[in-house]
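Enquirer: This is the structure I have questions about; it appears just below.
The values are calculated or read from the model by the stated rules, or taken from the named source; none is laboratory data. Keep in mind the model is a prediction, meaning the values are calculated, not measured. Cβ sites come from the backbone with ideal geometry, for glycine too, and all protein chains shown count toward neighbours.
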Amino acid sequence: MIIEHTIKRPNGSHPKMMDGTVYHFMPNESGDHVAEVVNLDHIDWFLNVSTFRIYKVQPRVVEAQPAPAPLPPNGMPSPMQKDVQGAVVLRAVSLSKSKFRPKVVRGE
């Protein structure tokens with residue numbers, strides 16, 4: 001079980017249990033000080049101390065991205081497209097899908 005320590009110290013917290021087990025409550029990606037505790041007696045002890053609680057993951061807020069522009073009927077992107085304000089923007093188009101292939105002439 002992931003337990004959160006509500007007191008956030010710069011170097012984390014390292015409580016030592018009576019049996020010698022030391023837990024390292026360190027900040028995760030969200031900045032919450034957490035440690036994994038598997039011993040049921042230790043879980044019970046932590047949850048009976050007001051500065052410890054079961055860690056509840058906070059959902060990440062992800063901003064919606066605009067959908068990509070649909071491809072024209074021929075399946076190839078147009079080299080000219082309009083941006084969100086309506087201005088024409090030139091796009092680089094890969095020659096790998098182009099029907100144009102330059103002929104390579106090797107000298108003798």
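Enquirer: Quick one: in segment 47-61, of everything that is hydrophobic (A, V, I, L, M, F, W, C), modelled with pLDDT of 70 or more and part of a loop (DSSP other than H, G, I, E, B), which residue is surrounded by the fewest Cβ atoms within 10 Å (Cβ to Cβ)? If you could, list the steps in order and put the result at the bottom.
Expert: Filtering segment 47-61 for residues hydrophobic (A, V, I, L, M, F, W, C) gives 47, 49, 52, 54, 57, 61.
Within this subset, residues satisfying the condition of being modelled with pLDDT of 70 or more are 47, 49, 52, 54, 57.
Within this subset, residues satisfying the condition of being part of a loop (DSSP other than H, G, I, E, B) are 49, 57.
Details: Val49: 12, Val57: 10.
By that ranking, first place goes to Val57.
Enquirer: Among (1) part of a loop (DSSP other than H, G, I, E, B); (2) modelled with pLDDT under 90, where does Val38 come up short?
Expert: In the conditions (1) part of a loop (DSSP other than H, G, I, E, B); (2) modelled with pLDDT under 90, Val38 misses (2) alone.
Enquirer: Of the residues Met80, Met76, which is hydrophobic (A, V, I, L, M, F, W, C), touching a Ser or Thr at 6+ places or on another chain (Cβ under 9 Å) and at pLDDT below 95?
Expert: Exactly one of Met80, Met76 is hydrophobic (A, V, I, L, M, F, W, C), touching a Ser or Thr at 6+ places or on another chain (Cβ under 9 Å) and at pLDDT below 95, namely Met76.
Enquirer: Of all residues in segment 32-42, which are out of contact with any Asp or Glu (no Cβ under 9 Å at 6 or more places or on another chain) and more than 11 Å from Glu4 (Cα to Cα)?
Expert: Selection gives Val38, Leu40.
Enquirer: Taking the condition of being under 22 Å from the mean Cα position of the chain (by Cα) and surrounded by fewer than 18 Cβ atoms within 10 Å (Cβ to Cβ), how many residues in segment 1-46 meet it?
Expert: Within segment 1-46, residues that are under 22 Å from the mean Cα position of the chain (by Cα) and surrounded by fewer than 18 Cβ atoms within 10 Å (Cβ to Cβ) number 8.
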